[in-house]
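Heads up: the structure comes next, in structure tokens.
The values are calculated or read from the model by the stated rules, or taken from the named source; none is laboratory data. Just so we're clear, the structure is a prediction, and the values are computed from it rather than from any experiment. Every residue, glycine among them, receives a Cβ derived from its backbone with ideal geometry; neighbour counts consider all protein chains shown. Side chains included, ligands, DNA and RNA excluded: accessible areas come from the protein's heavy atoms. Shrake-Rupley method; radii C 1.70, N 1.55, O 1.52, S 1.80 Å.
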Amino acid sequence: MSTVGMSVTLGTTTSAVAIDDVSVRFQSKRTEVTAIGQVSLDVAPGEFVSIVGPSGCGKSTLLKLVSGLLKPSSGSVTLLGEEVRGPRHDIGFVFQRAALLEWRSARKNILLQAEMRGMNAAEAGKRADELIEMTGLAGFENALPHELSGGMQQRVALCRALLHQPRVLLMDEPFGALDALTREQMNVELHRVWRETGTTVLLVTHSIAESVYLANRVIVLTQRPAVVKEVIEVDLPAERDYSATMARAEFAAATAHIRDLLGAVTGHD
Amino acid sequence: MKPVSGDRWRGVVERTWRPAALLATCLAIWHLITVSGLVEAYLVPSPSKTFQLLVDKWSYLWGHTWVTTYETILGFVIAGILGVLVAVAMVYSRTIESTAYPLLLFAQVIPKIAIAPLFVVWLGFGFEPKVVVAVLMAFFPVVISTVTGLKSVDTEMLELSATMGGGPIKTFVKIRFPAALPHLFAGLKVAVTLAVTGAVVGEFVGSNEGLGYVILQANGNMDTPMLFAGLIVISVVGILLFLLLDLAEQLMLPWHSSRRGAAVTTLLAKGGT
Ligand SMILES: Nc1ncnc2c1ncn2[C@@H]1O[C@H](COP(=O)(O)OP(=O)(O)OP(=O)(O)O)[C@@H](O)[C@H]1O
Ligand SMILES: [Mg+2]
């Protein structure tokens, strides 16, 4: 099943996500906004793809297309071999804000996923406990969201998105609200989770360092209407120690190149 | 959990001494006015005389208090259930919303005291017309607050729910309705005080029992101590029902952050009306 690091060109049939000549126009009373120009993108199963681009260029829109929360104006999206026509349930979604239910404890927030899907309660409970352990939330299972730090809330959202073992994980600036240090820790954790689960990940981020550290490929989008400006293959070993990776010449080259492409000081690093 | 802080009782004292002091001051001013001779005794009875009457005529007042309380609670419960149902229908259907809103507004702005006689004509002198007026008074705030609450839910939360595939019913039960509860309770608290007013207004128009009747009788007999006593009992009923809802809210929504022993303060803010 694991195809991480495969160098063969993958056809549409084997892609986890295939975005095919998609464009999106938003129409309101007075204006028409073309959010996405013409974007095509293939993501292999198990691959980690980061998406960066200027603010308002259509990154969130792209993830909503993949999840089926939004329909493209033209073109098509195929997820796990099936064309996306409405909201898809075979994904995990993490938003920029944790979006937790404030009356539910951390554990119960994670288990919302199971309740909505009608999963077996005992199995889901076991899996939730594993995830809580894995993301370092142990001891805070029963805390309410307002009793958790921002980083912990994001971990809860991550656990919730992973509970049903989705084959595709979509993340929209999941660590945008965190301080630099917590963010690094979360990056290391996400990297480990990804290596352990073999999930396909699409990550939208504003942090260039984050995009390179985590990904197999970084997609750089242009200003709105977004088109793919360049695809950067990240030439780093699969096993990535944080500070060692940061110190590598390939890492510096990739981040410098992306910063150039974005044309200015877009990142926070 | 809250940050650990000193003695629990100190918190209670902290919260209650101001309103208690205010109440004491009002009583003192009332007392001073009556003993000063500025106002004739038959116009404003002294606090002591009023409370004496409350004690002496307690069994008489008690029966009427029950009648009014019963009408109030019945009206409030009906308004609560109807209000929530209508609000849900309005939030889920544009058509229902646009159809119901003008009607709702009409029902709200029409003076209840003016249509109350009509209900007496239709429903007689029993408790029914009072309950109807109480429902009419209490209904609007419940609908408005529930609609606001149901619409206040985070769109991201709803999108998330769509990706979890729970369907509309689970989304409503597990996300939308609980999220609306703080708003709903705010509406219910306003509604219960209005329901008291509604019941009393209903009694004014045509009745031979209830606190509204007591006040009307006392008025006719120029019995100002009884009039004051009636007013006090009505206020106490309203305050107790309000506090009961506040307690229910604290028990049901311990997570709601705006709740920090705010009951007494909210109450005082409304006390003037
Ligand atoms: N529902 C909508 N209706 C109208 N316009 C929209 C809607 N959603 C997004 N847009 C527009 O589409 C464009 C892309 O929005 P999107 O949220 O995808 O940007 P983004 O790349 O995620 O930005 P950011 O990095 O700031 O989050 C924006 O110009 C936005 O105004
Ligand atoms: Mg965005």
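The residues of segment A:42-58 that are charged (D, E, K, R) and part of a loop (DSSP other than H, G, I, E, B) amount to a single one, A:Glu47. Scanning segment A:116-142 for residues that are of a type in the set (D, E, K, R) and either more than 19 Å from A:Leu101 (Cα to Cα) or more than 23 Å from the chain's Cα centre (by Cα) (or both) yields A:Glu123, A:Lys126, A:Arg127, A:Glu130, A:Glu133, A:Glu141. Set side by side, the residues B:Leu227, B:Leu216 differ, and just one is open to solvent by less than 40 Å² (accessible area, probe 1.4 Å) and out of contact with any Lys or Arg (no Cβ under 7 Å at 6 or more places or on another chain), which is B:Leu227. Selection within segment A:41-56: residues that are open to solvent by 10 Å² or more (accessible area, probe 1.4 Å) and not small (Gly, Ala, Ser). The member of this set that is nearest to ligand 2 (Cβ to nearest atom) is A:Pro54.
In the set (1) away from chain B (no Cβ under 13 Å); (2) more than 15 Å from ligand 1 (Cβ to nearest atom); (3) out of contact with any strand residue (DSSP E or B) (no Cβ under 9 Å at 6 or more places or on another chain), the condition left unmet by A:Gln154 is number (3).
For segment B:213-245, the set of residues classified as in a loop (DSSP other than H, G, I, E, B) and either touching a residue at least 12 places away in the same chain (Cβ under 8 Å) or charged (D, E, K, R) (or both) consists of B:Met222, B:Asp223, listed by residue number.
A search for C-beta distances below 6 Å between a residue of segment A:44-68 that is touching a residue at least 12 places away in the same chain (Cβ under 8 Å) and any residue that is part of a helix (DSSP H, G or I) and within 12 Å of ligand 2 (Cβ to nearest atom), counting only pairs 6+ apart in sequence or on different chains, returns A:Ile51/A:Lys59; A:Gly53/A:Lys59.
Results for (1) exposed (fewer than 12 other Cβ atoms within 10 Å of the Cβ); (2) touching a residue at least 24 places away in the same chain (Cβ under 8 Å); (3) out of contact with any His (no Cβ under 7 Å at 6 or more places or on another chain), shown as yes or no for each residue.
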| position | (1), (2), (3) |
| --- | --- |
| B:His31 | no, no, yes |
| B:Tyr42 | yes, yes, yes |
| B:Val84 | no, yes, yes |
| B:Met90 | no, yes, yes |
| B:Ser98 | yes, no, yes |
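Evaluation of A:Ala264 against the conditions (1) among the hydrophobic types (A, V, I, L, M, F, W, C); (2) in a helix (DSSP H, G or I); (3) out of contact with any Lys or Arg (no Cβ under 8 Å at 6 or more places or on another chain); (4) at pLDDT below 90 shows that the sole unmet condition is (2). Restricting attention to segment A:87-107, the residues that are open to solvent by 10 Å² or more (accessible area, probe 1.4 Å) and either more than 10 Å from chain B (Cβ to nearest Cβ) or of a type in the set (S, T, N, Q) (or both) total 3.
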